[in-house]
Amino acid sequence: MSTALNWTGKDAAFALGRRLISAETSGRLGEGPHFLRDGDSYVPTVDENMLVVGDNLPALTGLLATHRGRIKVIYIDPPYNTGNALAYKDHGHDHASWLNFMTPRLMLARELMREDGVIFIHLDDGESAWAQLLGHEIFGEDNSLGTLIHQRAKGGGNSPSFVRGHDYVHVWAKSAEQVGAFLTEKKAPAKLEIIDGRRMLVETDVLRAGFGRYARGQERRLMYEDILEVKGAKKLAEVDAKLGTGEYVLRAWGPTGKHAVVRVTPAEKASSKLYSIIKALGGQNDLEDLGLGGIFSYPKPVELVKTLVASQTFFDPEAIVLDFFAGSGTTAQAVMAANHRDAGSRTFILIQTPEPLQTKNARSLVGADSEDGFPEISRLTAERIRRAAKRHHPELRFTEVAVAEQ
Ligand SMILES: C[S@@+](CC[C@H](N)C(=O)[O-])C[C@H]1O[C@@H](n2cnc3c(N)ncnc32)[C@H](O)[C@@H]1O
């Protein structure tokens with residue numbers, strides 16, 4: 001019995017995906033979709049920050065020419081059945097339409113990923129189950145790395161059943177065995193100190209005297225001078241080796257004149273494994289901070305996307321990050337914030353359609369009395385990138401291009 005997911009239009013959607021990733025339409029200028037800047041053809045370089053304005057289907061196809069196999073992290077928060085994407089609405093509101101819409105885009109996304117690349121797909125209850133099966137089909141169930149829970153600031157109180165306070169982030173690798181642990185900055189129990197102008201995590205209790213060997217109130221740390229007696233020569237040699245490399249230092253401790261063994265790690269390099277439930281607040285607040293509040297509905301928190309991006313680029317601060325449902329541009333700001341933390345030079349590629357932004361504050365982007373009507377979402381994306389750059393990354397350069405289909 002076949003256990004594959006089936007829906008109307010599936011074969012055509014996969015055939016379209018296969019056609020787009022095939023060599024003939026891989027986006028060399030003049031053949032496939034390409035990019036335009038100020039009306040001229042534009043070939044991006046691999047290391048530039050970009051906002052591509054247009055439908056992500058031709059945009060992703062166009063990117064194959066320069067970015068095939070080069071993207072380390074993809075984060076997407078696609079429109080749902082209740083979403084406002086015109087490209088998607090045109091084709092109906094049912095699950096089959098959503099799957100047909102997503103299939104060729106995810107196939108292209110996979111083609112753009114590095115062998116150790118990962119994709120985060122952020123969804124609420126509406127499409128989550130379907131998306132998970134679709135993801136298994138496109139990336140392979142063996143490459144599924146699991147589902148994270150994003151816990152939001154407050155629940156949606158108007159659901160009849162629960163106060164909905166979370167959604168899902170499904171994660172796949174292009175090749176699971178190539179992907180290392182998802183990491184996050186280490187917090188407790190280490191203490192942050194500034195040593196020689198650097199933020200260092202200082203752990204003073206790396207060596208314990210051993211359980212049951214101390215009474216209440218007694219010192220639990222094993223002092224350097226007591227290692228030989230309590231733990232033996234092998235342990236002492238181990239500690240001495242780490243003292244030699246600078247991973248440990250000795251610090252005078254208590255009234256006895258003895259020394260505690262202390263681990264010092266540069267804060268940005270001290271990591272723990274990411275917990276699968278991520279609480280991240282904000283979203284709208286992040287936009288308000290930049291003077292862009294009340295224009296775009298349901299932006300995701302910068303902190304969440306920053307955590308996801310950093311988790312797979314902890315020791316890879318030059319990685320390329322892609323978001324092809326960019327919305328208000330949260331991912332660009334998250335990449336800048338991740339770079340700010342560890343002085344990295346990760347780059348972002350965002351793709352967003354120029355669909356009208358019809359919310360009450362949207363006209364503030366083009367001037368309240370503008371004759372232009374409503375501005376496009378992509379205009380908000382670009383403005384957010386500029387404002388966030390002023391804050392995190394004043395020297396940031398980014399290129400805005402339009403996708404041109406032939
Ligand atoms: C749920 S929103 C993403 C919000 C974003 N994560 C944020 O924090 O602002 C989905 C976005 O995808 C855009 N979109 C929908 N269909 C698209 C398409 N075919 N190509 C590019 N963008 C599209 C919508 O306009 C919308 O801005």
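The values are calculated or read from the model by the stated rules, or taken from the named source; none is laboratory data. On a predicted model such as this, the values are computed, not experimentally measured, just so you know. Here the Cβ is made from the backbone with ideal geometry for all residues, glycine too, and neighbour counts use every protein chain on show.
Figures for the structure shown
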read-out: Selected residue (criterion: nearest to Leu274 (Cα to Cα)) from residues of the range 177-197 that are in contact with a strand residue (DSSP E or B) (Cβ under 8 Å, 6 or more places away or on another chain) and at pLDDT 95 or above; value: Phe182
read-out: Residue under evaluation Asp323, criteria (1) over 23 Å from Asp55 (Cβ atoms); (2) within 13 Å of the ligand (Cβ to nearest atom); (3) among the acidic types (Asp, Glu), criterion not met; value: (1)
read-out: Selected residue (only one of Leu145, Leu112 is of a type in the set (A, V, I, L, M), in the same structural domain as Asn56 (by TED's automatic domain parsing) and within 21 Å of Leu322 (Cβ to Cβ)); value: Leu112
read-out: Selected residue (only one of Arg379, Arg384 is without any contact (Cβ under 8 Å) to a residue 40 or more places away in the chain, within 16 Å of the ligand (Cβ to nearest atom) and either part of a strand (DSSP E or B) or under 18 Å from Tyr298 (Cα atoms) (or both)); value: Arg379
read-out: Out of Gly232, Gly246, Gly254, Gly282, sole residue that is within 32 Å of the chain's Cα centre (by Cα) and at pLDDT below 95; value: Gly282
read-out: Members of the range 45-70 that are within 11 Å of the ligand (Cβ to nearest atom) and not hydrophobic (A, V, I, L, M, F, W, C); value: Gly54, Asp55, Asn56, Pro58
read-out: Residue in the range 336-356 that is outside any strand (DSSP E or B), under 15 Å from the mean Cα position of the chain (by Cα), free of Cβ contacts under 8 Å to residues at least 40 places away in the same chain and within 16 Å of the ligand (Cβ to nearest atom) present; value: yes
read-out: Residue under evaluation Phe374, criteria (1) part of a loop (DSSP other than H, G, I, E, B); (2) closer than 30 Å to Ala270 by Cβ, criterion not met; value: (2)
read-out: Subset tally (residues that are loosely packed, with under 15 Cβ neighbours inside 10 Å and assigned to a helix (DSSP H, G or I)) for the range 260-276; value: 1
read-out: Filter result (surrounded by fewer than 24 Cβ atoms within 10 Å (Cβ to Cβ) and assigned to a strand (DSSP E or B)) within the range 321-335; value: none
read-out: Single condition Arg251 does not satisfy, out of (1) in contact with a Ser or Thr (Cβ under 9 Å, 6 or more places away or on another chain); (2) closer than 30 Å to Ala362 by Cα; (3) not in a helix (DSSP H, G or I); value: (2)
read-out: Residue in the range 260-280 that is within 16 Å of the ligand (Cβ to nearest atom) and not polar (S, T, N, Q) present; value: yes
read-out: Residue match in the range 285-308 (condition: part of a helix (DSSP H, G or I), more than 21 Å from Ile74 (Cβ to Cβ) and near the ligand (Cβ under 10 Å from one of its atoms)); value: yes
read-out: Residue selected from the range 32-55 under the condition touching a residue at least 24 places away in the same chain (Cβ under 8 Å) and part of a loop (DSSP other than H, G, I, E, B), by the criterion nearest to Pro79 (Cα to Cα); value: Asp55
